[in-house]
1. Please work out the Cα center distance from the range 178-192 to the range 125-143, rounded to the nearest Å.
2. From the backbone phi of the range 108-116, what are the Karplus-calculated ³J(HN,Hα) couplings (6.51 cos²θ - 1.76 cosθ + 1.60, θ = phi - 60°) in whole Hz, Gly and Pro given as x?
3. List every residue whose amide H lies under 5 Å from the amide H of residue 24, counting only residues 5 or more places away in sequence or on a different chain, with H placed 1.01 Å from N in the peptide plane.
4. Counting helices only, and only those DSSP H runs with n ≥ 4, report the 222 nm mean residue ellipticity of the chain as the sum of -39,500 (n - 2.57) divided by its residues, in deg cm²/dmol to the nearest 500.
5. Just order 168-177, 54-63 by mean Cβ neighbour count inside 10 Å, highest at the front, would you?
6. If you fit an axis through the alpha-carbon atoms of helix 58-70 and take the longest principal axis of the Cα set of the chain, what angle between them do you get, 0 to 90°, nearest 10?
7. Would you mind getting the accessible area per residue of the chain, heavy atoms of the protein chains only, 1.4 Å probe, in Å²?
8. When the accessible area of the range 108-214 is computed with all protein chains present and a 1.4 Å probe, what percentage of it is carbon and sulfur?
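The values are calculated or read from the model by the stated rules, or taken from the named source; none is laboratory data. This structure is a prediction, so every number in the text was calculated from the model and none was measured. In this analysis, Cβ positions are derived from the backbone assuming ideal geometry, glycine residues included, and neighbour counts consider all displayed protein chains. We work out accessible area using only protein heavy atoms, side chains counted, and drop any ligands, DNA or RNA first. Shrake-Rupley method; radii C 1.70, N 1.55, O 1.52, S 1.80 Å.
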Amino acid sequence: MNFHNLVNEENQLTPNYRLNKKELFFDIYISPEQEVCVVGRYDQNYIGWCSFTKVDSKSHNAALLDEITNSQWKFVSNEHRVLGERYKEIKNWHVFRITKTLYKDEPYFYSTASPIYFKNGSTFASEIHHFYKHEKAKSEYRIIDKKYSAILKGYLLLLDSDESLYYLRVKPLIDLIQSESYLKLCPDANVREIYLQCLEKCKQLYNTYMSEVR
């Protein structure tokens, strides 16, 4: 199979500290259209792998885990440099994480999707498929109430403030909004858009608050 790692010589950079190459983990971003972006990380700042696939490409995804973990990551970069103009789009996709860990004194992968410990590529592929189907179903149940977009618009109004300490006042609402991240896979594009606007407001409030307290 052909696996194309987008982290390459053209977008590489030099880390400003020593990377621990034994603690690799993966973020799996999934779009409402079932496009998948697999990002292999050294840590929160630097990546060594980035490739695209599809939710239903099970045989490809099963083989992909072996390729990611056994191939040499020749270059180091970050998501912004590698994803370029698609960076913001993909960061708004739904995401789950897979980490390398010890389980019963043996090396395993741990997926936050099920959650489950596993060793093989077929389970990796199944986790991608399960996460998409399960989270999409949650969003579909949520919008059975046709008024839910109006509720989100109400949240948006409540989040509209320039006060530096307003973040603390609405932190429970922010927690509630962030807990509904499955709405990033909602089949209703209008609901998805309003939800992403809410997340952006939450981020702005947090940044304003942190600028005040630093």
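1. Their Cα centres are 11 Å away from one another.
2. Each residue of the range 108-116 in turn: 9, 9, 10, 9, 7, 6, 7, x, 7 Hz.
3. none
4. Computed mean residue ellipticity for the chain: -13500 deg cm²/dmol.
5. The most tightly packed comes first, giving 54-63, 168-177.
6. It is inclined by approximately 70 degrees.
7. That works out to 57 Å² for each residue.
8. 52 percent
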